[in-house]
1. Compute, for segment B:113-187, the length of the dipole vector about the Cα centre, with Cβ point charges of +1 (Lys, Arg) and -1 (Asp, Glu) only. Units Debye, rounded to 20.
2. Place the peptides A:17-24, B:126-133 in order of packing, highest mean first, counting for every residue the other Cβ atoms within 10 Å and averaging per peptide.
3. Which order do the peptides B:36-49, B:157-170 take when ranked by the mean count of other beta-carbon atoms within 10 Å per residue, highest first?
4. Hey, got the average number of other protein chain Cβ atoms within 10 angstrom for residues in A:17-25?
5. Per residue of B:53-66, how many C-beta atoms from partner chains lie within 10 Å of its own C-beta, taken as a mean?
6. Between the DSSP loop rule and a limit of at most 11 other Cβ atoms within 10 Å, which chymotrypsin sites (Phe, Trp or Tyr not before Pro) in segment A:1-86 are left?
7. Quantify how strongly other chains surround peptide A:2-9 by giving the mean number of their Cβ atoms within 10 Å of each of its Cβ atoms.
8. Would you work out the Kirkwood radius for segment B:141-188? I mean one over the mean of 1/r across all pairs of different Cα atoms, in Å.
Amino acid sequence: MDDKRMEESLRSAWSPQPPDGMRERVLRRAHEQSARSRSARPIFGVARWKFAFAGLGIAVVLLGNTADYARQSRMAQMMDGASAAGAAIGTGTLLEQRREIERLLAQAPPDNRFENGSKGGNSL
Amino acid sequence: MTELDAGIAISFGARTLRDKAETGQASLEHLYDQYAHALFRYALALVGSPEDAEDAVQEVFVRIAGEQKRSESIANVKAYLFAATRNAAYSILRSRRRRARLEQAMCAESEAGHPEEASARLSRSSVLREVFAELPIEQREVLVLKIFDEMTFKEIAETVGASINTVGSRYRYGIERLRQALEEEHDG
């Protein structure tokens with residue numbers, strides 16, 4: 001028996017058919033998978049979860065920057081107020097102190113401790 | 001038209017499908033109708049059970065549906081489908097090897113219990129089927145692809161990942177074994 005006849009014999013002896021309902025089962029699963037993959041389709045070739053992760057990172061950085069800016073603004077405001085108030089207080093006090101010192105110096109008796117040989121100084 | 005006929009358009013790199021050759025696109029349904037029977041037969045020759053063969057074919061179509069982007073780079077749809085079916089079938093064989101061994105052992109036991117009845121049942125076709133089922137898996141798949149799907153040795157070699165000479169040898173050994181079995185049956 002030559003090869004061709006052997007092939008024919010095998011063809012007629014074995015002709016399996018797909019089970020009933022296989023088409024529906026296979027295609028239904030394939031369609032389900034297709035729907036799943038469409039919902040998770042990559043954006044510019046990058047998986048969606050990576051985009052979400054990157055977006056979350058950007059949001060965290062932006063929030064941090066905003067909070068930092070707000071804090072710095074508030075500190076600057078406080079510093080401006082403090083320096084203005086400090087300056088006002090400082091000049092007023094200095095003037096008053098100077099006047100007070102001059103007044104006290106004018107009223108004070110002359111200092112003659114060094115002329116009389118004070119024992120409080122360095123005796124080197 | 002059922003809901004399944006609504007169609008998913010699958011694009012392929014090479015326009016090898018007959019039904020929509022102009023656009024290089026085919027719906028999953030067209031693809032199924034064109035190839036599923038052959039893929040099922042091929043898978044059945046590899047795994048031996050219709051349920052497992054259906055699982056293998058299903059896995060192939062599910063993969064195509066899930067990776068539509070990747071399917072655009074497929075140059076030869078037929079070769080891809082057969083190779084994917086082969087992979088799925090081997091994967092099933094690996095995962096179900098223990099179960100298959102158990103089933104084979106049970107079958108052998110039941111036939112050994114009734115040798116006269118078993119030999120009386122053997123007609124020419126059933127001899128062929130049984131000997132074919134007993135062939136090594138490498139020879140079975142070559143015979144199926146050559147005889148039923150009329151692939152050339154070169155196409156088979158690409159599908160199974162072996163050299164053309166190896167494929168030719170497997171075909172030769174398989175055919176010889178079948179011929180031998182038929183002659184023994186005839187003489188007996």
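1. On the way: 10 positive and 15 negative charges, 45 e Å.
So the magnitude is around 220 debye.
2. Ranking, from highest mean packing down: B:126-133, A:17-24.
3. Highest-to-lowest ranking by the protection proxy: B:36-49, B:157-170.
4. Working: counts 5, 11, 5, 0, 1, 9, 7, 3, 3.
Mean partner shielding for this stretch: 5.
5. Other-chain Cβ atoms within 10 Å of each residue's Cβ, averaged: 5.
6. A:Phe44
7. Mean partner-chain Cβ count within 10 Å for A:2-9: 5.
8. Answer for segment B:141-188: a Kirkwood hydrodynamic radius of 11.2 Å.
Each reported figure results from applying straightforward, stated rules to the coordinates on display, with no laboratory input. No experiment lies behind these values; they were computed from the predicted model shown. Every residue, glycine among them, receives a Cβ derived from its backbone with ideal geometry; neighbour counts consider all protein chains shown.
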